[in-house]
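Engineer: Here you go, one structure.
Bear in mind these aren't lab numbers, they're just calculated from the coordinates by the rules spelled out. Please read these numbers as outputs of a predicted model, since none were measured by experiment. As a convention, Cβ positions derive from the backbone with ideal geometry for all residues, glycine included, and neighbour counts pool all protein chains shown.
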């Protein structure tokens, strides 16, 4: 039986372990954290990700713990509609996306693996292209090593050398909160260099996020900064801000990766953020990691991994580029340019938006 070491116990790592084990591989997931945990955030899974989850055998379980995103669109800071998504057309063409808490998805993926398959508290320090993995003072050799260890991947050094992530120019706050009153609507609002979005979760809580242009590593107080920036925006944003628990508020500067020349070298392959960390503007980061897992498992028994690279790298790069462009438009800050942007958004037919999703969502295993 062939053996694989997967470095990283996040969505991409666990999904890859499941995909390989379903094809007869002996898998070992090495996670540096002392336990598998998920940050308190919601997660959108589009139809391409749901097909990947079905291929992993966990699609039904994920849907059972998720909620369909039944309404979407973009407003300005005063609540005036800029763009409306035709969700009936999205449902008919692709199927509706779902939203799930990240921790719930990780629980489902973890439960699909044997207890012994995941080792926590293991720090990988070096990987060689012949499959040798050095970690926590010991060393082992695998037939396949998978780098699923995020944007600052250790494994990626064996494939591409040192690659420095690039700051996108804005920071993001995320939280899960309990609203004062039940919230059924969802959406995203754009201002000048600022955005705020929210969507209900299946348990009645709300996942909320915000973005703002600022230098990296800025030292600011999250709750007060959010109230200063968004407290005067349209309802229900002020009431959502009032419901935020400061201890549950996450903030991360947004980075992505420059284009990699390859995702593979020897018996080492990259998946997820280690390969193609992207801005969150399309909601495709986790979706692409799930696709990676399915495709890598399909090619893992081949003499080399070039077909995985050939299949995944152009697609992931296209989606990362598209996400970056959306972020650039959404974070525009010059008043005249924002005025022109908003006029252009209002002029785009909803059906054209639906058709524009095809290159992203029309993926099959």
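Engineer: May I ask you to derive the FRET efficiency for residue 123 and residue 178 from their Cβ-Cβ distance with R0 = 30 Å, giving the value to the nearest 0.05?
Structural biologist: Approximately 0.25, to the nearest 0.05.
Engineer: Hey, for a label at residue 245 modelled as a point 7 Å past Cα toward Cβ, could you say which residues of segment 175-208 have their backbone N under 13 Å away?
Structural biologist: From segment 175-208, the list is 175-179, 205-206.
Engineer: With angles folded into 0 to 90 degrees, how steeply does helix 285-299 sit against the dominant principal axis of the chain? Use alpha carbons for both and round to 10.
Structural biologist: For helix 285-299, the angle is close to 30 degrees.
Engineer: Next question. Provide the gained length on full extension for the span residue 352 to residue 132, in nm with one decimal, where the gain is 0.36 nm per separating residue minus the Cα-Cα distance. Kindly include the intermediate steps, with their values, before the conclusion.
Structural biologist: On the way: separation 220, 0.36 × 220 = 79.20 nm, distance 4.93 nm.
The residue 352-residue 132 span can extend by a further 74.3 nm.
Engineer: A follow-up question, please. Which whole-number percentage describes the relative contact order of segment 73-206, with Cα contacts under 8 Å and a sequence gap of 6 or more?
Structural biologist: 23
Engineer: Give me the number: length gained by fully extending residue 162 to residue 23, i.e. 0.36 nm times residue separation minus the C-alpha to C-alpha distance, one decimal in nm.
Structural biologist: Extra length available between residue 162 and residue 23 comes to 46.8 nm.
Engineer: Let me ask another. With an 8 Å cut-off on Cα pairs and a minimum separation of 6 or more residues, tell me the relative contact order of segment 217-292 in percent.
Structural biologist: Numbers: 50 pairs, mean separation 16.4, N = 76.
Worked out over segment 217-292, it gives 22 percent.
Engineer: Moving to a separate point now. In segment 116-153, which residues have a backbone nitrogen under 13 Å from the label point lying 7 Å from residue 262's Cα in the Cα-to-Cβ direction?
Structural biologist: 129-130
Engineer: Can I ask one more? Distance in nm between label sites at residue 219 and residue 328, each 7 Å beyond Cα in the beta-carbon direction?
Structural biologist: Each label point is offset 7 Å from its Cα along the Cβ direction, giving 3.3 nm.
Engineer: Can you give the FRET efficiency for residue 321 and residue 89, using 1/(1 + (r/R0)^6), R0 = 30 Å, r = Cβ-Cβ distance, to the nearest 0.05?
Structural biologist: Taking R0 as 30 Å, the efficiency between residue 321 and residue 89 is 0.75.
Engineer: Another question, then. Between residue 310 and residue 63, 0.36 nm times their residue separation minus their Cα-Cα distance comes to what?
Structural biologist: 85.8 nm
Engineer: Then there's this: Hey, with R₀ at 30 Å, roughly what FRET efficiency would residue 252 and residue 227 work out to, going by the Cβ-Cβ distance, to 0.05?
Structural biologist: 0.95
Engineer: Based on the mean of other Cβ atoms within 10 Å per residue, sort peptides 333-339, 202-208 so the most packed one is first. Mind showing how you got there, number by number?
Structural biologist: Numbers: 333-339: 12.0, 202-208: 17.9.
Sorting 333-339, 202-208 by mean packing, highest first, produces 202-208, 333-339.
Engineer: Another question about this same structure. Distance from the Cα centre of segment 220-272 to that of segment 81-104, in angstrom?
Structural biologist: About 20 Å separates the Cα centre of segment 220-272 from the one of segment 81-104.
Engineer: Of all DSSP beta bridges located in the chain, what percent are antiparallel, nearest 5?
Structural biologist: 70
Engineer: Okay, next question. With label points built 7 Å along Cα→Cβ from the Cα atoms of residue 302 and residue 343, find their separation and express it in nm.
Structural biologist: My value for the distance between the label points is 5.0 nm.
Engineer: Could you tell me which label, among (i) 35, 21, 20; (ii) 28, 23, 21; (iii) 50, 20, 18, carries the value of semi-axes √(5λ) of the Cα gyration tensor in Å calculated for this structure?
Structural biologist: (i)
Engineer: Ranked highest first by average number of other Cβ atoms within 10 Å, how do 171-178, 114-121 line up? Numbers along the way, then the final one.
Structural biologist: Numbers: 171-178: 20.6, 114-121: 12.6.
Per-residue mean Cβ counts within 10 Å order the peptides as 171-178, 114-121.
Engineer: When only C-alpha pairs under 8 Å and at least 6 residues apart count, what is the relative contact order of the chain, in percent?
Structural biologist: 23
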